[in-house]
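**Student:** I have a structure I would like to understand better, so I am pasting it below and will then ask my questions one at a time.
The values are calculated or read from the model by the stated rules, or taken from the named source; none is laboratory data. Only a predicted model underlies this, so the values are computations on that prediction, with no experimental measurement involved. Please note: Cβ atoms are built from the backbone with ideal geometry, for glycine as well, and neighbour counts cover all protein chains shown. Heavy atoms of the whole protein, side chains included, go into the accessibility calculation; ligands, DNA and RNA do not. Shrake-Rupley method; radii C 1.70, N 1.55, O 1.52, S 1.80 Å.
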Amino acid sequence: MFEQAISAMASVMVDPYLLGLIFATTVLGVIIGVLPGLGATTGAALLLPFTLTMDPVHAIAVLATIYVSATFAGSITAILINTPGTSAAAATTFDGYPLAQKGEAGRALGIAVISSTVGGIFSVLILCFAAPLLARVAYEFRSPEYFALTVFGLSMLASISAGGAVKNLIGGIFGVWLSTIGAERVTGIERFMFGNYELYEGLHFVPIFIGLFAISELLVQSKTVDKIIKTVSMKAVKLPTKEDYKKIWKTILRSCGIGTFIGVLPAEGATVASMIGYSEARRWSKNKKEFGKGSIEGIAGAEAANNAATGGAMVPTMVLGIPGSGTTAIILVGLMVHGLRPGVYLFTEQVEKVYQIFGSMFVANVMFMLMGLYAAKLFARVSLVPTQILWPIVFALSVIGAYAFQGQLLDVWLALIFGVIGFFARRHGFSVAPIAVGLILGEMVETNLQHSLKMFDGQWWLILTQPLALMFLIFAFLGLCGPMIFSWITKQKD
Amino acid sequence: MKYMKNKIYLIPLILAIFSLSVIAISLQLDTSPEMIVGDSMQARSFPIFLMVLKLFLLGILTYQFYKNKPKAVSLEKYHTWGSMLLFLLFYLLTVYTDMFIGIFVVIFLMSILWGEKRLWVAFLTATVTPGLVFLLFDFVLKIRFPRGILMNLYYG
């Protein structure tokens, strides 16, 4: 197994086509990351239709590369123009931009590049070791365990950073309901199709995701057309000095652990990881006063954590079929589209492909480091592309991408409708990621509940007699009610 | 009713109406014979369960709104509403003329609507983008586009 994994990962390095593809996708990912509003999730949604004709490993490598490179690239604009290219880089603005204003933009970018690379590579290594172990545990899972696990995954939506807990759960339930559209899998009874037989097999994820992430973002960006972007001047990216390394190595290591752990939790992602990484960096720092004024520990804490979350988020996605973030939800769809069924069988029957994907993520981390060090200044200029040119192009890519998936115009209309729904949801403080996660998990929840009921002759409470299922349901309960109980206890103590 | 004067309660209300509509539609779904469903659920049960759960959460959300009084969301600028109207125009043009004519017109008008003053730049974007995307999808990805005025000329 170990030898097989090493040889599969090494095969990436000697595959010129795959290396070229990762290089091109890293460039694209960095461009997507620096363009405010686009981000890893929108970029992956737009690119998904382009991967349809690719080999499965190449397709997932493209999506994973977009994920890691765009997550890193958000820091470039966060530091230079005080606008995070992705939400995961929001914490980087706290200290990155103040340091850039002091004339040290190159140093800030250097710290961000190194921290991101260490975080990314650390999480890929953890992914390589943790994923097969978790897969072994998941081998024991049956329907009650999977049902409880998906309930746990849905409960974690409550703690996604955007929106409030209740709003996120409402979004998640809406997403689960969307998965019930079409013919019911056991009985074949048509649900909510209204005579439209193109919906017989249900809503497909691709057009819905393009609508929710790309079209809705287009409408959100239409509100910012008058915004004038000011950049901070920079000569070149500077590698951290010995003094800098001495100051930040502990922070980077801590954030690597935090980011990977947060990433592994279902439905949590890089944004939450970077916020926690930043606040922990501040808590443990000897120079707390520097935070908010250009602390390099602040930049390292946020950047190592958000890139560490990328590898972590791939663990539940590939092992359990539960996405760790909005972008991994799209990667999960990519896996399904290409016939790579996430779960235990992926690690037993297609282990070579799995490790090639991991190897691609490793290479992508090295490539974005080189690009960050040598071309950050160039990429920063991309962020100055006028919105009135960029977003109409995104519109064209979205509608054609939605059509290309199944060759159905209905998918184009669905993308537009869900774009408008996503826009109104975001307008009123609902995040669209829970809808996407709910849509993916919906089928798993219902199917596993049906199977569990059959297993226990309709006595649903017997699900609680299964130790693992009970554990996940307790976690779900704690995820939902834990913060409320904790604040109540704190109030009582006060 | 006095709370309804405040716009913020419109969202929970609309979502509650949606949930109740789903429940009403679900109740009209066919039922399966016992020998197929066995001890499992009828097709209607799961959506109804979801909507009841959603109504419960909407109750909590309304209470949160009542306690915290969030600010009403301000109305967007004409760019946003105009873009949505362009989506409608895209639908009409795609159905009655050709998808690529729809894309061309929407890109051109959207660029101008969003503030592009140079007509030639808007025109160039509207022409080059669908052209390149068509070449990529048709030649590389081998995808056939829906028939319309332009595609009939191309496919023959």
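**Student:** When Lys and Arg each count +1 and Asp and Glu each count -1, what net charge do the other residues less than 13 Å away from A:G343, Cβ to Cβ, add up to?
**Tutor:** Local charge sum for A:G343: 0.
**Student:** Another question about this same structure. Give me a comma-separated list of calculated 3J(HN,Hα) values for the range A:380-387, in order, Karplus coefficients 6.51, -1.76, 1.60 applied at θ = phi - 60°, integers in Hz, x for any Gly or Pro.
**Tutor:** Per residue, the Karplus-derived 3J(HN,Hα) values read 4, 5, 4, 5, 8, 4, x, 4 Hz.
**Student:** Using heavy-atom solvent-accessible surface (probe 1.4 Å) with all chains present, what is the largest-first order of B:I17, A:I421?
**Tutor:** Ranked list, largest accessible area first: B:I17, A:I421.
**Student:** Looking at the range B:82-98, which residues lose a minimum of 20 Å² of accessible area between their chain alone and all protein chains in place, measuring with a 1.4 Å probe and not counting ligands or nucleic acids?
**Tutor:** B:M84, B:F87, B:F90, B:Y91, B:T94
**Student:** List the lysines whose Cα lies under 18 Å from the Cα of B:K7, skipping any in the same chain that are fewer than 8 positions away.
**Tutor:** A:K167, B:K67, B:K69, B:K71
**Student:** Ordered by residue, what ³J(HN,Hα) values in Hz, to whole numbers, does the range B:119-131 give under the Karplus form 6.51 cos²θ - 1.76 cosθ + 1.60, where θ = phi - 60° and Gly and Pro are x?
**Tutor:** Result, ordered by residue: 4, 5, 5, 4, 5, 4, 4, 5, 8, 5, 4, x, x Hz.
**Student:** Please give the charge dipole size of the protein assembly as shown, origin at the Cα centre, charges +1 on K and R Cβ atoms and -1 on D and E Cβ atoms. Round to the nearest 20 debye.
**Tutor:** Charge dipole, the protein assembly as shown, about its Cα centre: 2760 debye, nearest 20.
**Student:** Continuing with the same structure: Can you run phi through the Karplus equation (6.51, -1.76, 1.60; θ = phi - 60°) for the range A:450-462 and list ³J(HN,Hα) in whole Hz, with x for Gly and Pro?
**Tutor:** Each residue of the range A:450-462 in turn: 4, 5, 5, 5, 5, 4, 9, 6, x, 8, 4, 5, 5 Hz.
**Student:** Could you give the dipole magnitude of chain B about its Cα centre, charging the beta-carbon of Lys and Arg +1 and that of Asp and Glu -1, in debye to the nearest 20?
**Tutor:** With only Lys, Arg, Asp and Glu charged at Cβ, the dipole is about 860 debye.
**Student:** If you don't mind, another one. May I ask you to find the residues of the range A:33-78 that are shielded by at least 20 Å² of accessible area once the whole protein assembly is considered instead of their isolated chain (probe 1.4 Å)?
**Tutor:** Residues shielded by partner chains are A:F50, A:T53.
**Student:** Suppose accessible area is computed on protein heavy atoms with a 1.4 Å probe; arrange A:F209, A:F23 from highest to lowest.
**Tutor:** Greatest to least solvent exposure: A:F23, A:F209.
**Student:** What does the charge count around A:S398 come to, taking other residues whose C-beta lies under 14 Å from its C-beta (Lys +1, Arg +1, Asp -1, Glu -1)?
**Tutor:** It works out to a net charge of -2.
**Student:** Still on this model: With a 1.4 Å probe on protein heavy atoms only, work out how much accessible surface A and B bury together, total over both chains, in Å² to the nearest 100.
**Tutor:** 5600
**Student:** Here is a follow-up. Across 10 Å bins from 0, what is the distribution of all Cα-Cα pair distances for the range A:117-192, in whole percents?
**Tutor:** Whole-percent P(r) values from 0 Å outward: 15, 25, 35, 21, 4, 0.
**Student:** Please list log₁₀ I(q)/I(0) at q = 0.05, 0.06, 0.07, 0.08 Å⁻¹ for the protein assembly as shown, using the Debye equation with identical point scatterers on the alpha-carbon positions.
**Tutor:** Debye curve over Cα of the protein assembly as shown, log10 I(q)/I(0) at q = 0.05, 0.06, 0.07, 0.08 Å⁻¹: -0.22, -0.32, -0.44, -0.59.
**Student:** Sequence-distant or interchain residues sharing an amide H contact under 5 Å with A:R191, placed H: which?
**Tutor:** The answer is A:G182, A:A183, A:E184.
**Student:** Same structure again: Taking all protein chains as present, what is the carbon and sulfur share of the accessible area of chain A, in % to the nearest whole number, probe 1.4 Å?
**Tutor:** C and S fraction of accessible area: 65 percent.
**Student:** What residues does the range B:135-155 have that are buried by at least 50 Å² of accessible area in the full protein assembly compared to the chain on its own, 1.4 angstrom probe?
**Tutor:** B:F137, B:L141
**Student:** Work out the FRET efficiency for B:I60 and B:K7 from their Cβ-Cβ distance, taking R0 = 22 Å, and round it to the nearest 0.05.
**Tutor:** 0.70
**Student:** Further, regarding this structure: Need one number for the range B:78-155: average projected area of the convex hull over its C-alpha atoms, nm².
**Tutor:** For the range B:78-155, the mean projected area of the Cα convex hull comes to 5.3 nm².
**Student:** Provide the solvent-accessible area of A:M13, counting protein heavy atoms only and rolling a 1.4 Å probe, rounded to the nearest 10 Å².
**Tutor:** A:M13 exposes around 90 Å² with every protein chain in place.
**Student:** How much net charge surrounds B:T62 when only the other residues with a Cβ under 13 Å from the Cβ of B:T62 are counted, with Lys and Arg +1 and Asp and Glu -1?
**Tutor:** Local charge sum for B:T62: +4.
**Student:** Roughly how many Å² is the accessible area per residue of chain B, as a whole number, for a 1.4 Å probe?
**Tutor:** 59
**Student:** Which shape class applies to the range A:1-137: rounded if a/c is under 1.5, otherwise prolate when a/b exceeds b/c and oblate if not, where a ≥ b ≥ c are the square roots of the Cα gyration tensor eigenvalues?
**Tutor:** The shape class here is prolate.
**Student:** Could you give the accessible area per residue of chain A, probe 1.4 Å, as a whole number in Å²?
**Tutor:** So chain A comes to 37 Å² accessible per residue, rounded to a whole number.
**Student:** Still on this structure: What are the semi-axes of the equivalent ellipsoid for the range A:4-85, taken as the square roots of 5 times the Cα gyration tensor eigenvalues, largest first, in whole Å?
**Tutor:** 26, 14, 9
**Student:** Keeping the other protein chains in place, figure out the carbon and sulfur percent of the accessible area of the range B:78-155, with a 1.4 Å probe.
**Tutor:** C and S fraction of accessible area: 76 percent.
**Student:** Given points 7 Å out from each Cα along the Cα-Cβ axis, report the A:K250 to A:K493 separation in nanometres with one decimal.
**Tutor:** Taking the two extended label points, one gets 2.4 nm.
**Student:** Given a 1.4 Å probe and the protein chains all in place, what does the accessible area of B:D30 round to, in Å² to the nearest 10?
**Tutor:** 110
**Student:** When the accessible area of the range B:2-68 is computed with all protein chains present and a 1.4 Å probe, what percentage of it is carbon and sulfur?
**Tutor:** In the range B:2-68, the share of accessible area belonging to carbon and sulfur is 67 percent.
**Student:** Explain nothing, just the number: relative contact order of chain A, from Cα pairs under 8 Å at least 6 residues apart, as a whole percent.
**Tutor:** Reported relative contact order: 29 percent.
**Student:** Also, I was wondering about something else. Please report how far the C-alpha centroid of the range A:104-180 lies from that of the range A:353-384, rounded to the nearest whole angstrom.
**Tutor:** Result: 21 Å between the Cα centres.
**Student:** If you don't mind, another one. Let's test the formula: R0 of 56 Å, r as the Cβ-Cβ distance of A:W460 and A:K242. What FRET efficiency results, to the nearest 0.05?
**Tutor:** According to the calculation, E is roughly 0.35.
**Student:** What's the long-distance tail for the range B:1-148, i.e. % of Cα pairs beyond 26 Å?
**Tutor:** Value for the range B:1-148: 60 percent of Cα pairs lie more than 26 Å apart.
**Student:** Would you kindly find the accessible area of A:K102, with a 1.4 Å probe and non-protein molecules such as ligands, DNA and RNA excluded, rounding to the nearest 10 Å²?
**Tutor:** Surface open to solvent at A:K102 totals about 120 Å².
**Student:** Quick check: pseudo-label points 7 Å beyond the Cα along Cα→Cβ at B:L53 and A:L410, how many nm apart are they?
**Tutor:** According to this spin-label approximation, the distance is 2.6 nm.
**Student:** Over 10 Å intervals from 0, what percent of Cα-Cα pairs in the range B:2-68 sits in each interval?
**Tutor:** P(r) for the range B:2-68, in whole percents per bin: 20, 38, 23, 13, 6, 0.
**Student:** While we're here: About the Cα centre of the range B:2-68, how large is the charge dipole given +1 on each Lys and Arg Cβ and -1 on each Asp and Glu Cβ? Please answer in debye to the nearest 20.
**Tutor:** 700
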